[in-house]
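J.: Mind having a look at this structure? Questions to follow.
Each value in this text was obtained by applying a stated rule to the coordinates, not by laboratory testing. Since the model is a prediction, treat every value here as computed from it, not as a measurement. Because the Cβ atoms are built from the backbone with ideal geometry, glycine has one as well, and the counts that use them run over all protein chains shown.
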Amino acid sequence: MAETISLCMIVKNEGQSLRRCLNSLSGLGDEVIVVDTGSTDSTCEIARQYGAILHHFLWNDNFSDARNASLELAQGDWILFLDADEELSSDSRE
C-alpha cells in the first residue's frame, strides 16, 4: 500500500505568498490542510481554490496549539509542514 502525505500550514494574511507555495506543492500531497489564524485578505479564498482543507483557529499566541490543530486534521502517513512564504524546491520533490 502506498504511503500518503499530508501538507500542513498555519497562515494569517498570506495572500501574497500562499499561491506560490501551493503551486510548488502541486500534485505532491494527498491532502493540503491550511489552518487560518484570522486572515483578513485573500488567504482563505486562495486555500479553497487549491482544494485545501481549511480550518479556522482562534489565535491564542501559541504556535504549538495552531500546529497541533493542523496535525489533528492530517490523515497522511507522512506530514510535511511549510510556512506560506516557503516553497518546495524541485530537487526535493522526489
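J.: Name the residues in the stretch 15-29 that are out of contact with any Asp or Glu (no Cβ under 7 Å at 6 or more places or on another chain) and touching a residue at least 60 places away in the same chain (Cβ under 8 Å), would you?
T.: Correct list: Leu18, Asn23, Leu25, Leu28.
For (1) over 22 Å from Arg93 (Cβ atoms); (2) touching a Lys or Arg at 6+ places or on another chain (Cβ under 8 Å), each residue gets a yes or a no:
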{"site": "Asn13", "(1), (2)": "yes, no"}
{"site": "Leu28", "(1), (2)": "no, yes"}
{"site": "Thr37", "(1), (2)": "yes, yes"}
{"site": "Ala47", "(1), (2)": "no, no"}
{"site": "Trp59", "(1), (2)": "yes, yes"}
{"site": "Ala66", "(1), (2)": "yes, no"}
{"site": "Ser70", "(1), (2)": "no, no"}
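J.: Could I ask something else about it? Mind checking which pairs have a first residue in the stretch 39-64 that is closer than 15 Å to Leu25 by Cα and a second that is small (Gly, Ala, Ser) and not in a strand (DSSP E or B), Cβ under 7 Å, 6 or more apart or different chains?
T.: Going by the 7 Å Cβ cut-off, the qualifying pairs are Ile46/Gly15.
J.: In addition: Kindly indicate whether any position in the stretch 38-52 is in contact with a strand residue (DSSP E or B) (Cβ under 6 Å, 6 or more places away or on another chain), more than 17 Å from Ile5 (Cα to Cα) and of a type in the set (Ser, Thr, Tyr).
T.: Yes; the residues of the stretch 38-52 include at least one that is in contact with a strand residue (DSSP E or B) (Cβ under 6 Å, 6 or more places away or on another chain), more than 17 Å from Ile5 (Cα to Cα) and of a type in the set (Ser, Thr, Tyr).
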